[in-house]
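Scroll down for the structure; my scribbles are underneath it.
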Amino acid sequence: MKKLLMFAAALAALISCTPKSNGQLTGVKGKAWHPEKPYGMTLIPGGAFIMGKSDDDKAGLLNAPPKTVTVRSFYMDETEITNSEYRQFTEWVKDSVVRTQLAITADEVGQTGSDEDGIGQFAFRNTEDEEELSVYEKYVRDNYEGLGETGYEGKALNKDVDLIEDLNEYPDEYYAEVMDSLYIRAEESHNGVRTFKTEKLVYDYKWYDIEAMARSRSKDSKKFLKREALKIYPDTTVWIRDFSYSYNEPMHDMYFTHTSYDDYPVVGVTWKQAKAFCDWRTKNHNDALRKKKNKDQVSRYRLPTEAEWEYAARGGLESGTFPWGGPYAKNDRGCFLANFKPMRGDYAADQALYTVEANSYDPNDYGLYNMAGNVSEWVGSTYDPASYEYTSSMNPNSSDDENKRKVVRGGSWKDVAYFLQVSTRDYEYADSARSYIGFRAVQDYMGTDVTGNTKTTGK
């Protein structure tokens, strides 16, 4: 009876908010939509451009014939994703992993929130926290808890209590046991510092293979729901493995973790890890919006398609060789315009030995930094030398899960100028991490159409 009354009240509220139509077709209108530029991104107005090699294919690869294509509007990160930004991801996963293990241990030892001084304060938010649970959290608890692989699926973590990092302030032996299982002990560390076991940083998420689902015409969407449980910590050993007979230990030890490299592009990240970061970024953004009233969810962050990347890199300049136009890598004062390997291998000639800060050098006309040089960038497309021949001329993309070669664009600090050209294509295997490959994300622009060709900002 209670549920029936609630349904009737909700229906009455819905009817009262609907304008009187007098029998006319008035439509069902949603809330007013005001596009909000994501922090650190810039709007790339959609339009048409000539994709591919507009001049001689000096390498003779024949993999980028000129082709006119059109892309829709999207937001793009102004810089490559930095170490600091990626560490926000790893710290979020770390916090989740620690709290989950603490909550499981608290449940196993029977401390479920009653002991506020011990591990019980980190227990799952369960029946004893009845007043703190939302209606939906109660519903999930009553209907889904215990149905997964671990038996703890659906239980909400208690994030209101700060984790205790100081060894001397651990509340009880159970807390100490959990932390000891997740951290390398000081005596086992090469430098005596007690650090988190990076192999424990696993990001578990789900995604729909929408393309496969649409082409199969199957109504069973569950078949196309994919699950990824991925280790997401960057591979810092790439600084050693990528270069034989070379001393790069300082980069291995400090590049990702030291504050001095906060604003440098993250490297050592695989294609799958870059996609996992985009999924987390979407979740993190939408979780924050759910706490605000009258806020629509944002569209997902993702890796750009190859066409989107090249369109953005050109900065609105038709048939340019580089993001600044072309055809030279120096300006009129003889200064290099990007971080790469000039002068037959003089890495330092451009005033940079390895990578540089992600906002170094001048941006292109769309306000994007380092679309040439610094680090090459993963894109969401699969590499096929012939893909330009068969992909659509509208939002073209080649996506093949069976093909593990993924496109990287833009060239890096270790590459010659040819790889910095906006039309040059390259690839790496999806499970590979390199000291010279990073990434940046995009987000679809929703709402009023924006195109670069007509120079309009809306209707």
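The values are calculated or read from the model by the stated rules, or taken from the named source; none is laboratory data. Note that the structure is a prediction, hence the values are computed from the model and not measured. FYI the Cβ positions are ideal-geometry reconstructions off the backbone, even for glycines, and counts take in every protein chain you see.
Those residues that are surrounded by 21 or more Cβ atoms within 10 Å (Cβ to Cβ) and closer than 30 Å to Met213 by Cβ, I need them from the range 399-426; list them, please.
Correct list: Lys406, Val407, Val408, Arg409, Arg425.
Out of curiosity, is Tyr328 aromatic (Phe, Trp, Tyr), part of a loop (DSSP other than H, G, I, E, B) and more than 30 Å from Asp57 (Cβ to Cβ)? Working first, answer last.
Numbers: aromatic (Phe, Trp, Tyr): yes; part of a loop (DSSP other than H, G, I, E, B): yes; more than 30 Å from Asp57 (Cβ to Cβ): no.
In short, no.
I need the full set of residues from the range 72-88 which are assigned to a helix (DSSP H, G or I) and buried (at least 22 other Cβ atoms within 10 Å of the Cβ), in order please.
Residues satisfying the conditions are Asn83, Tyr86.
So for the range 333-346 (the condition being touching a residue at least 24 places away in the same chain (Cβ under 8 Å), assigned by TED's automatic domain parsing to the domain that holds Pro66 and more than 30 Å from His252 (Cβ to Cβ)), does at least one residue qualify? Talk me through it step by step, then tell me what you get.
Taking the range 333-346 as the starting set, the residues that turn out to be touching a residue at least 24 places away in the same chain (Cβ under 8 Å) are 337-342.
Still in the running and assigned by TED's automatic domain parsing to the domain that holds Pro66: 337-342.
Right, trim to more than 30 Å from His252 (Cβ to Cβ) and you get none.
Checked against the condition, which is being touching a residue at least 24 places away in the same chain (Cβ under 8 Å), assigned by TED's automatic domain parsing to the domain that holds Pro66 and more than 30 Å from His252 (Cβ to Cβ), the range 333-346 yields no hits at all.
Taking the conditions exactly as written (at pLDDT 90 or above, surrounded by fewer than 15 Cβ atoms within 10 Å (Cβ to Cβ) and not in a strand (DSSP E or B)), does Pro38 satisfy them or not?
no
Can you tell me how many residues in the range 383-408 are within 24 Å of the chain's Cα centre (by Cα) and within 19 Å of Thr70 (Cα to Cα)? Quick ask: steps written out before the conclusion?
As a first pass, look at the range 383-408 and keep what is within 24 Å of the chain's Cα centre (by Cα): 383-384, 395-408.
Still in the list and also within 19 Å of Thr70 (Cα to Cα): 395-399.
Of the residues in the range 383-408, 5 are within 24 Å of the chain's Cα centre (by Cα) and within 19 Å of Thr70 (Cα to Cα).
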